[in-house]
Amino acid sequence: MVDPAPLPQAAIALSDVDLSLGSGAARVHILKKVGLSVLAGETVSLVGPSGSGKSTLLMTMAGLERIDSGRLTVAGVDLGTLNEDGLARFRGAHVGIIFQSFHLIPNMTALENVAVPLELAGKRDAFERAREELQLVGLGHRVDHYPTALSGGEQQRVAIARALVARPAILFADEPTGNLDETTGRQIADLLFQTASERGMTLVLVTHDLALADRCDRVVRIHSGIIDPLAETSHRRSAAE
């Protein structure tokens, strides 16, 4: 008798997740009984109208927002069991995050920006690895430039290098092409998908660009803090294909 193949492992799993933000009369219920599973190595896009909760969901999975109830497991770790220091260590070890607005430190060079996560982790080879990562994103010639001397596309490449330098298992991207022109946005998207594929990373991104969303293995639609399972679109191919 042949043993059954092992089930694919979930890199991210949410069960009945609720989250509210604000306080008092201004408190808003953002995520409502959200359930979602993302497989290791899968690429998933989160789409929905503005205010639907997709960016909040992304930040929650990245360990930047705490849930009120339910269960959230990322890279095999129950994030509800971690304090703030534990969450910071978890992110440093397992997660890379890319923002629409780049969030580079203005008084640091490209090299210094990329080295920051490794320096915080106490890595002695932080600058060597940062230089290698910048080379891989096509910015080996811009390592000593400050953010103000870089184009939007170059700044986003620095942000990508910073997110990737610690070799995370999971990459989260919030509107990674939102501040870029169409051509540059396509180049950045190509870089993200190529790198995720080469490194076997799980990629979860939020986008308003449906063409970008459709490049993912799966499109998850959110409305008013609720995932619509009937509207989910899968582009995954079978092994036979």
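The values are calculated or read from the model by the stated rules, or taken from the named source; none is laboratory data. No experiment lies behind these values; they were computed from the predicted model shown. Glycine gets a Cβ as well: all are built from the backbone with ideal geometry, and neighbour counts include every protein chain shown. Remember, those area values only see protein heavy atoms, side chains included, never the ligands or the DNA or RNA. Shrake-Rupley method; radii C 1.70, N 1.55, O 1.52, S 1.80 Å.
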Self-check item: Other-chain or far-sequence residues with amide H under 5 Å of H145's (modelled H)
Solution: A110, L111
Self-check item: Accessible surface, per residue, of the stretch 19-176 when the full set of protein chains is kept, probe 1.4 Å, Å²
Solution: 46 Å²
Quiz prompt | Positive dipole terminus of the stretch 128-241, leading residue within G140, V204, A130 (C-beta point charges) | solution = A130
Quiz prompt | DSSP beta bridge pairing in the chain, given as percent antiparallel to the nearest 5 | solution = 55 percent
Self-check item: Partners for K54 among lysines (Cα-Cα distance below 25 Å; same-chain residues under 8 apart left out)
Solution: K32, K33
Quiz item: Any idea how far apart Q135 and S37 come out in nm if each label point goes 7 Å out from Cα toward Cβ?
Solution: 4.2 nm
Self-check item: Given 15 as the ceiling on other Cβ atoms within 10 Å, longest exposed-site-free region of the chain for trypsin sites (Lys or Arg not before Pro) in DSSP loops
Solution: 125-235
Practice problem: Summarise the accessible area of the stretch 1-82 (1.4 Å probe, protein heavy atoms) by the percent that is carbon and sulfur. | Solution: 57 percent
Self-check item: Protein accessible area in the stretch 98-241, 1.4 Å probe - carbon and sulfur %
Solution: 48 percent
Quiz item: Ignoring ligands, DNA and RNA, how do V77, V219 rank by accessible area with a 1.4 Å probe, largest first?
Solution: V77, V219
Quiz item: With each run of n ≥ 4 DSSP H residues scored as -39500 (n - 2.57), what mean residue ellipticity at 222 nm is computed for the chain after dividing by its residue count and rounding to the nearest 500 deg cm²/dmol?
Solution: -9500 deg cm²/dmol
Exercise. Can you grab the distance from the C-alpha centre of the stretch 37-79 to the C-alpha centre of the stretch 89-106, Å, no decimals?
Key: 15 Å
Exercise. Please calculate the 1.4 Å probe accessible area of F99, with all protein chains present, and give it to the nearest 10 Å².
Key: 50 Å²
